[in-house]
Amino acid sequence: MKVKVQFFSGLKTIAQSSELVLEMKEGATVEDLLGDIYARVPALRDWDRNILIGAGVEFVDRDYILQPNEQIAVMPPVQGG
């Protein structure tokens, strides 16, 4: 199944792209997706402990099961002022 991953803020710069489309197995989780992303863009692994993952309009955990043609947002920590 295809999953579209969008990168935001400084993560876009690190990934050198605003998005990736990845082919994932049925039943794959966000954790599986991150493993594929880090294999392609190892520098993003440095942000692993701090990133936020969104599916649709909600934040999700790493055990979230991906859906076909889903859009996943990978964001740095939210900052306020």
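Being more than 18 Å from residue 76 (Cα to Cα) and surrounded by 16 or more Cβ atoms within 10 Å (Cβ to Cβ): is that true of residue 24 here?
For residue 24, the condition - more than 18 Å from residue 76 (Cα to Cα) and surrounded by 16 or more Cβ atoms within 10 Å (Cβ to Cβ) - is met.
Across region 61-81, which residue is farthest from residue 24 (Cα to Cα) among those that are of a type in the set (A, V, I, L, M) and loosely packed, with under 15 Cβ neighbours inside 10 Å?
Filtering first and then ranking leaves 78.
Exactly one condition in (1) surrounded by 10 or more Cβ atoms within 10 Å (Cβ to Cβ); (2) without any contact (Cβ under 8 Å) to a residue 12 or more places away in the chain is false for residue 58; which is it?
Unmet for residue 58, out of (1) surrounded by 10 or more Cβ atoms within 10 Å (Cβ to Cβ); (2) without any contact (Cβ under 8 Å) to a residue 12 or more places away in the chain: (1).
Being free of Cβ contacts under 8 Å to residues at least 12 places away in the same chain and in contact with a helix residue (DSSP H, G or I) (Cβ under 6 Å, 6 or more places away or on another chain) is the filter; apply it to region 27-55 and report the residue that is surrounded by the fewest Cβ atoms within 10 Å (Cβ to Cβ).
Applying the filter and picking the extreme gives 45.
Those residues that are open to solvent by 60 Å² or more (accessible area, probe 1.4 Å) and assigned to a helix (DSSP H, G or I), I need them from region 4-19; list them, please.
Within region 4-19, 12, 13 meet the criteria.
The values are calculated or read from the model by the stated rules, or taken from the named source; none is laboratory data. Not measured: the values here are computed from a predicted model. Cβ: placed from backbone, ideal geometry, glycine included. Neighbour counts: every protein chain shown. In case anyone asks, the SASA skips ligands and DNA or RNA and just uses the protein heavy atoms, side chains included. Shrake-Rupley method; radii C 1.70, N 1.55, O 1.52, S 1.80 Å.
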